[in-house]
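Beneath this line is the structure, given in structure tokens, with notes to follow.
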Amino acid sequence: MATQNSPSQKQLLINKANSRIVAVTSGAAFIVVFCLMASYTLLGQLSYQNRVLGAKKTALKQLNEDISNTQSLVASYKAFVSTPQNVLGGDPNGTGGQDGDNAKLVLDALPSKYDFPALATSLEKVVTDDKVTIESMGGTDDEVAQAQSASSSPQPVEIPFELAVSGNYADIQKVVKDLDKSIRPFQIQTMQLTGSESKMTLNISALTYYQPEKTLKIRTEVVK
């Protein structure tokens, strides 16, 4: 016989049912929270993958455009260097002062590296062809200071020099005209003439230029 303080069978069943309800509710809540967190994570991964796919499609489109542009560039370059006469009217296969293919002329016009000895050689060739005498040629060989890495946006850099030649008036005139017509840009800063018409000395202080080579930077992009 049950005592007065002992729970009844009905009460025991109720307590047991309540415990089951609490356990089931807790389990259901855990599952719901887990599913929500998992869904949030999966949605985040899906969104990230979509961004990655979008970036890849954009890169692929740009790559295809670059390939097409490269083919057009190659065709244009071949047409540019294979003309029967260069832009100066010279022979592309010749060795004269105005000869050489167009690509060579462009490189001679604006070299990609600082090279003062090469500049001196070019000047010597110009004035020698004009049959004048070189009295002096100078400047600062600033190769160490000018040494710099290539740039994605290079700009022309000045190279100052001085030149003194002597000859008759007609030959001196020809020197000035040839410097003006040269494929390589020469900017005369000062010019001084001394002597007579038959024996004249020309002193020039001038600038020419070189332009550092341009680099092609291939970069990677992190999709966030």
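Readers should treat all values here as calculations from the given coordinates under stated rules, not as data from a laboratory. None of the values given here were measured: they were computed from a predicted structure. Counting neighbours? That spans all protein chains shown, and the Cβs are built from the backbone with ideal geometry, glycine included.
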Does anyone have the angle between helix 9-81 and the longest principal axis of the chain? Alpha-carbon axes, 0 to 90°, nearest 10? 20 degrees
In the structure shown, of 78/113; 56/217; 125/214, the pairs separated by more than 26 angstrom at the C-alpha atoms are 125/214
Less than 29 Å apart at the alpha-carbon level, and either on another chain or at least 8 residues along: which lysines does that give for residue 131? 104, 174, 177, 181, 199
Relative contact order (%) - the chain, alpha-carbon pairs under 8 angstrom, separation at least six: 17 percent
Which of rounded, prolate, oblate describes the stretch 113-210, given a ≥ b ≥ c as roots of the alpha-carbon gyration tensor eigenvalues and a/c under 1.5 marking rounded, otherwise prolate only if a/b is larger than b/c? prolate
Hey, what angle do you get for helix 116-129 against the long axis of the chain, alpha-carbon based, 0 to 90 degrees rounded to 10? 30 degrees
From the helices alone, meaning DSSP H stretches of at least four residues, give me the mean residue ellipticity at 222 nm for the chain, per-run term -39500 (n - 2.57), in deg cm²/dmol to the nearest 500. -17500 deg cm²/dmol
With a Förster distance of 35 angstrom and the Cβ-Cβ distance between residue 50 and residue 211, calculated FRET efficiency to the nearest 0.05 equals 0.20
Along the dipole axis of the stretch 110-224 (charges at Cβ: +1 for Lys and Arg, -1 for Asp and Glu; origin at the Cα centre), the most positive-end residue among 210, 186, 138 is 210
For the chain, the longest principal axis of the Cα atoms and the Cα long axis of helix 169-181 enclose an angle in degrees, to the nearest 10, of 10 degrees
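Assign unit charges at the C-beta atoms only (+1 for Lys and Arg, -1 for Asp and Glu), then state the dipole size of the chain relative to its Cα centre in Debye, rounded to the nearest 20. Walk me through the numbers on the way to the answer.
Values: 21 positive and 22 negative charges, 568 e Å.
The dipole magnitude comes to about 2720 debye.
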Considering only the other residues whose Cβ falls under 13 Å of the Cβ of residue 189, what net charge follows from Lys and Arg at +1 and Asp and Glu at -1? -2
In the Gaussian network model of the chain, springs joining C-alpha atoms below 10 Å, which of 41, 190, 208 carries the largest mean-square fluctuation? 41
Environment charge at residue 170 (Cβ cut-off 10 Å; Lys +1, Arg +1, Asp -1, Glu -1): -1
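Label the stretch 46-172 by shape, choosing from rounded, prolate and oblate, from the square roots a ≥ b ≥ c of the eigenvalues of the Cα gyration tensor; if a/c is under 1.5 it is rounded, and otherwise prolate applies when a/b is larger than b/c, oblate when it is not. All intermediate terms of the calculation are to be shown ahead of the outcome.
Numbers: a/c = 5.62, a/b = 1.99, b/c = 2.83.
Taking the square roots of the gyration eigenvalues as a ≥ b ≥ c, the stretch 46-172 is oblate.
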Once you have the Cα-Cα distance between residue 125 and residue 192, take 0.36 nm times their residue separation minus that, and quote the gain in nm to one decimal. 22.0 nm
Given labels modelled 7 Å from the Cα in the Cβ direction, how far is it in nm from residue 178 to residue 87? 2.2 nm
Heads up, the chain by the C-alpha gyration tensor (a ≥ b ≥ c square roots of eigenvalues; a/c under 1.5 rounded, else a/b over b/c prolate, else oblate) looks prolate
